[in-house]
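Below you'll find the structure, written out as structure tokens, and then a few comments.
The values are calculated or read from the model by the stated rules, or taken from the named source; none is laboratory data. Quantities reported herein were computed from a predicted structural model and do not represent experimental measurements. For neighbour counting, all protein chains shown are included, and Cβ atoms are generated from backbone atoms with ideal geometry for every residue, glycine included. When the accessible area is computed, the model is the full protein with side chains, heavy atoms only, and any ligands, DNA or RNA have been set aside. Shrake-Rupley method; radii C 1.70, N 1.55, O 1.52, S 1.80 Å.
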Amino acid sequence: MHAPLLECLLNVAVLLVTAILRAAAYDTLDPQGSINIQWDVTSWTPDGYVAVVSIYNYQMFRQIINPRWTLGWTWAKNEVIWSMVGAQAIDQGDCSQLKENIPHCCARDPSVVDLLPGVPMQQQYTDCCKSGVLTSWGQDPKSAVSKFQISVGQSGTSNTTIKLPNNFYMLGPGPGYTCSAATIVSPSVFFSVDGRRKTRAMMTWSLTCSYSQTIASKNPTCCVSLSAFYNPVVTACPSCSCGCQNNCFMSDPKISSVVEADKPTLQCTQHMCPVRVHWHIKANYKEYWRVKITITNFKYRMNYTHWTLVAQHPNLNNITEVYRFNYKPILLYNPLNETGMFYGIKYYNDLLLEAGPSGNVQSEMILMKDRNKFSFGQGWAFPRKIYFNGDECMMPLPDSYPTLPNFADSTTVTSPMLVAFLTLVGCWCSLSHYY
């Protein structure tokens, strides 16, 4: 094969592999984000051990919302759970083989959930009882941790006889997380309340659960619409952004927003998304410009608690003021700061209510103009990416963005797949030339 043609085909292969990896790779806006689970054996018992299980949500902007997290695994032997504090197994399993001292759970593959707030003190453990809700690490590290204590029997009674559980899985609350195998690590160190005494776990193992939006849902869960003061046309969310389901609820102002239990929960819209984010360029000043953000919930019987919104935009490094939302920059590549997280103010608007007149939250922000970058042309003033509750939202096509008056050109974005295809066409043209 001719050398230039071989080189061309190799370029195509690299482009295709890159495109596939981009589709399946970790989140570029939260490359270190994961849920870490740690088991600390604090004492040995006559037939097993007592351990503290800690769940850390190290994701910057993805949280676990209602109904709850669920942690499951498969025992390596014939272990049973004698008791639990701060959590409970969903199913007790078959304990008929044991005549006395019935365990809390005899299932070979137990599924564990958090307890509700307000349970009796003897059932509580540190950082437990949050209804299975974990905020993101970027919002509040203290609320991004959940712990429970577990007493395991019929297992090993030392770090040489014990066998680690396997097949771990995490639901948060639905699918999307893939967990690694448990690995023995250095024993954890604990300090007393006064900080004067240090103790160690008898044995510690840990695992990591990573999130994939494609595993969680075949369709996006949110979409973005755009508008600007200089253009009367609103760029709506692309049609069927979140799939074209037929089981939706026709909105009617005369109908109460309370939907019956056997009715669909999603309001019928052109985009069919549970959540829409609208980005509006509101005003232009000499040194600053103003943006309004509106998040609308189109789902009945669904409230989003402690929601997060992440935006990627080149002017977020010059953000001056944010109204009615909290804001925190996400510094991925210092000193470049083009990504930020918005979230509600506690007890004010951190709860996004279900579909209806009150099913939206709004904010405005003022950004200082950078004369070397600033432009309203070619879609520059609109975000590159928008995430809601950790999931990337469907953006409109760039050629549909609101344009300036008498401005015909628009910026287009070429996908890696399209680049590979066009390169392949060039290769075949070269092939026909040589033959």
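For residue 160 and residue 116, a Förster radius of 41 Å and the Cβ-Cβ distance give a FRET efficiency of 0.60, rounded to the nearest 0.05.
Under a model in which nothing but the beta-carbon of Lys, Arg (+1) and Asp, Glu (-1) is charged, segment 107-220 shows a dipole of about 280 debye around its Cα centre. Here's how it looks for residue 203: its modeled amide H is under 5 Å from those of 41, which are all 5 or more places away or on a different chain. For the pair residue 181 and residue 47, a Förster radius of 30 Å applied to the C-beta separation gives a FRET efficiency near 0.75, rounded to the nearest 0.05.
Sparsely packed loop sites in segment 151-257 (the trypsin sites (Lys or Arg not before Pro) outside DSSP H, G, I, E and B with at most 13 other Cβ atoms within 10 Å) comprise 163, 196, 197, 218, 254. Using a probe of 1.4 Å, the accessible surface attributed to residue 208 totals some 50 Å² when neighbouring protein chains are kept in position. For segment 299-304, putting each phi into the Karplus relation 6.51 cos²θ - 1.76 cosθ + 1.60 with θ = phi - 60° gives couplings of 10, 7, 6, 9, 9, 9 Hz, in residue order, rounded to whole numbers and with x for Gly and Pro. Put simply, the amide H of residue 248, placed in the peptide plane, has no neighbours under 5 Å, leaving out anything fewer than 5 places away on its chain. Since only 144, 228, 158 are under comparison, the one whose Cα sits farthest along the positive direction of the charge dipole of segment 85-239, derived from C-beta charges on Lys, Arg, Asp and Glu, is 158.
Each Lys and Arg adds +1 at its Cβ and each Asp and Glu adds -1 at its Cβ; summed about the Cα centre, segment 90-159 shows a dipole of about 140 debye. Applying a threshold of 21 Å to the alpha-carbon distances of 282/373; 346/369; 292/385 flags 346/369 as lying beyond it. In this structure, the amide hydrogen of residue 128, modeled 1.01 Å from its nitrogen in the peptide plane, lies closer than 5 angstrom to those of 147, counting only residues at least 5 positions away or on a different chain. For segment 161-318, averaging the sequence separation of C-alpha pairs within contact (under 8 Å, six or more residues apart) and dividing by the residue count gives a relative contact order of 16 percent.
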